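The values are calculated or read from the model by the stated rules, or taken from the named source; none is laboratory data. Given the structure is predicted, the values throughout are model-derived calculations rather than measurements. Note: ideal-geometry Cβ built from the backbone for every residue, glycine included; neighbour counts use all protein chains shown.
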Amino acid sequence: MAITAGVDIGSTASKAVLLIDREPAAQIIGPSSTNPKRTAREIYEKALAAAGVKAGDVAYIVGTGYGRTQVEFAVKNISEITCHGRGAHFLVPSVRTVIDVGGQDTKAICVDSKGNLLDFAMNDKCAAGTGRFLEAMSRSMEVSIEDMETYYFEEGDPCTITSMCSVFAESEVINLINDGVPLPRIMKGLLLSLAVRVSSLTQRLGVVEDIVMTGGVAKNRGVLDAIEKKLKIAMKRFNGADPQLAGALGAALIAADFAEGTELGVERS
Ligand SMILES: Nc1ncnc2c1ncn2[C@@H]1O[C@H](COP(=O)(O)OP(=O)(O)OP(=O)(O)O)[C@@H](O)[C@H]1O
Ligand SMILES: [Mg+2]
């Protein structure tokens, strides 16, 4: 029996997945902090407790994400691009393009039939196509991140949001609210403007089906719908699995490869 773990320290959220023989036994999500070493240890310990597993029984641990070097107890650190590819492929084996929209950056990832990384494109310079953009808009509209999709799916034509920058887009939203424009119209405009950025990044890489979306923002069905409209392609869904955990899941699967000596082809870093 091989017990392995993946710990994904993202810019915004920290995630841990524990696998027993490649089957999920525990998965934990918590906020990232200014002390990533401690956060990593805490979420890992929570995952061990949730699965009823002792630390000494874990065969291999892979750290990933922005803060992967801070996962001191990991045997290896692997880029989250590789890990999201593997996690998404485990959940949807037909996937060839993974769109990961996290808190701070957006990545389009191209994988082969085994889920191994072929190529990627990344936006890490601008908040506009990321979760940070949604968080700012959620604050100015006083609508929780979770409720944004409800407004998106209500009746009304989308407003045009012209600002390319999330800071200016926020002022634009405040002006629209003060002009009495209904929230569903503003929400549609916002999610479509996020989708324009995400889909143009994906098109830069070359859109190869099947496509799935990972990262916390993929929980928002409005964002999924808006990206599908812009790409004019239907994406596959995870059938109940949490897209935010895809990177930690991929890290735990790669840890299983290392534990079993079948890691050939996995990027080493
Ligand atoms: N239901 C939801 N709808 C939309 N966005 C959400 C939802 N739940 C969480 N998010 C957003 O997901 C983001 C966090 O996702 P994730 O954990 O993938 O990011 P991360 O890995 O920390 O960031 P990065 O990969 O950029 O370093 C946050 O910006 C959060 O606001
Ligand atoms: Mg991430």
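Inspect the stretch 74-83 for any residue being surrounded by 21 or more Cβ atoms within 10 Å (Cβ to Cβ) and among the acidic types (Asp, Glu) and give the result as yes or no.
Yes.
Need the failing condition index for residue 116 against (1) farther than 23 Å from residue 11 by Cβ; (2) free of Cβ contacts under 8 Å to residues at least 40 places away in the same chain, just the number.
So the condition that residue 116 fails would be (2).
Restricting to the stretch 199-224, and then to whatever is more than 14 Å from ligand 2 (Cβ to nearest atom) and β-branched (Val, Ile, Thr), can you tell me which residue is nearest to the chain's Cα centre (by Cα)?
Within the stretch 199-224, the subset more than 14 Å from ligand 2 (Cβ to nearest atom) is 199-212, 220-224.
Filter once more, keeping what is β-branched (Val, Ile, Thr): 202, 207-208, 211-212, 223.
Working: 202: 15, 207: 18, 208: 19, 211: 14, 212: 11, 223: 13 Å.
Within the stretch 199-224, the match that is nearest to the chain's Cα centre (by Cα) is 212.
Do you know which residues across the stretch 13-29 are farther than 12 Å from residue 51 by Cα and of a type outside the set (S, T, N, Q)? I'd like the intermediate steps shown before the answer.
Taking the stretch 13-29 and keeping what is farther than 12 Å from residue 51 by Cα, we get 13-15, 21-22, 29.
Of everything in the stretch 13-29, those that are farther than 12 Å from residue 51 by Cα and of a type outside the set (S, T, N, Q) turn out to be 13, 15, 21, 22, 29.
Hey, among 8, 57, which residue is surrounded by fewer than 21 Cβ atoms within 10 Å (Cβ to Cβ), in the same structural domain as residue 256 (by TED's automatic domain parsing), of a type in the set (Asp, Glu) and in contact (Cβ under 8 Å) with a residue 40 or more places away in the chain? Spell out the reasoning first.
Details: 8 fails: surrounded by fewer than 21 Cβ atoms within 10 Å (Cβ to Cβ).
From the options 8, 57, the qualifying one is 57.
Within the stretch 137-151, work out how many residues are of a type in the set (Gly, Ala, Ser) and over 18 Å from residue 181 (Cβ atoms).
Residues of the stretch 137-151 of a type in the set (Gly, Ala, Ser): 138, 140, 144.
Those left that are additionally over 18 Å from residue 181 (Cβ atoms): 144.
Result for the stretch 137-151: 1.
State whether one or more residues within the stretch 204-218 are buried (at least 17 other Cβ atoms within 10 Å of the Cβ), farther than 20 Å from residue 123 by Cα and touching a helix residue (DSSP H, G or I) at 6+ places or on another chain (Cβ under 8 Å). Before the answer, list the steps.
Here is the first cut: in the stretch 204-218, the residues buried (at least 17 other Cβ atoms within 10 Å of the Cβ) are 205, 207, 211-218.
Next, only the ones that are farther than 20 Å from residue 123 by Cα stay: none.
No, because not a single residue in the stretch 204-218 is buried (at least 17 other Cβ atoms within 10 Å of the Cβ), farther than 20 Å from residue 123 by Cα and touching a helix residue (DSSP H, G or I) at 6+ places or on another chain (Cβ under 8 Å).
Kindly list the number of the only condition in (1) surrounded by 20 or more Cβ atoms within 10 Å (Cβ to Cβ); (2) within 16 Å of ligand 2 (Cβ to nearest atom) that fails for residue 187.
Result: residue 187 passes all but (2).
Which one of these does residue 161 not meet: (1) within 14 Å of ligand 1 (Cβ to nearest atom); (2) modelled with pLDDT under 95; (3) among the aliphatic types (A, V, I, L, M)?
Here residue 161 meets the rest and fails (1).
Would you check which residues across the stretch 6-33 are of a type in the set (Val, Ile, Thr) and within 14 Å of ligand 1 (Cβ to nearest atom) and list them? Give the derivation first.
Kept after step one, since they are of a type in the set (Val, Ile, Thr), are these residues of the stretch 6-33: 7, 9, 12, 17, 20, 28-29.
Across the stretch 6-33, the qualifying residues are 7, 9, 12, 17, 28, 29.
Would you please name the residue that is farthest from ligand 1 (Cβ to nearest atom), looking only at residues in the stretch 118-133 that are over 16 Å from the mean Cα position of the chain (by Cα) and not in a loop (DSSP other than H, G, I, E, B)? Steps first, answer last, please.
Going residue by residue through the stretch 118-133, those that are over 16 Å from the mean Cα position of the chain (by Cα) are 118-119, 125-126.
Restricting the remaining residues to those that are not in a loop (DSSP other than H, G, I, E, B) gives 118-119.
Values: 118: 20, 119: 18 Å.
Among them, the one singled out is 118.
Inspect the stretch 98-106 for any residue being part of a loop (DSSP other than H, G, I, E, B), among the acidic types (Asp, Glu), within 16 Å of ligand 1 (Cβ to nearest atom) and out of contact with any helix residue (DSSP H, G or I) (no Cβ under 9 Å at 6 or more places or on another chain) and give the result as yes or no.
There is no residue in the stretch 98-106 that is part of a loop (DSSP other than H, G, I, E, B), among the acidic types (Asp, Glu), within 16 Å of ligand 1 (Cβ to nearest atom) and out of contact with any helix residue (DSSP H, G or I) (no Cβ under 9 Å at 6 or more places or on another chain).
Among (1) within 14 Å of ligand 1 (Cβ to nearest atom); (2) surrounded by fewer than 22 Cβ atoms within 10 Å (Cβ to Cβ), there is one condition residue 64 misses while meeting the rest; what is its number?
(2)
For residues that are within 14 Å of ligand 1 (Cβ to nearest atom), more than 15 Å from residue 4 (Cα to Cα), over 14 Å from the mean Cα position of the chain (by Cα) and touching a residue at least 24 places away in the same chain (Cβ under 8 Å), tally how many sit in the stretch 67-97.
Residues flagged as within 14 Å of ligand 1 (Cβ to nearest atom), more than 15 Å from residue 4 (Cα to Cα), over 14 Å from the mean Cα position of the chain (by Cα) and touching a residue at least 24 places away in the same chain (Cβ under 8 Å) within the stretch 67-97 amount to 3.
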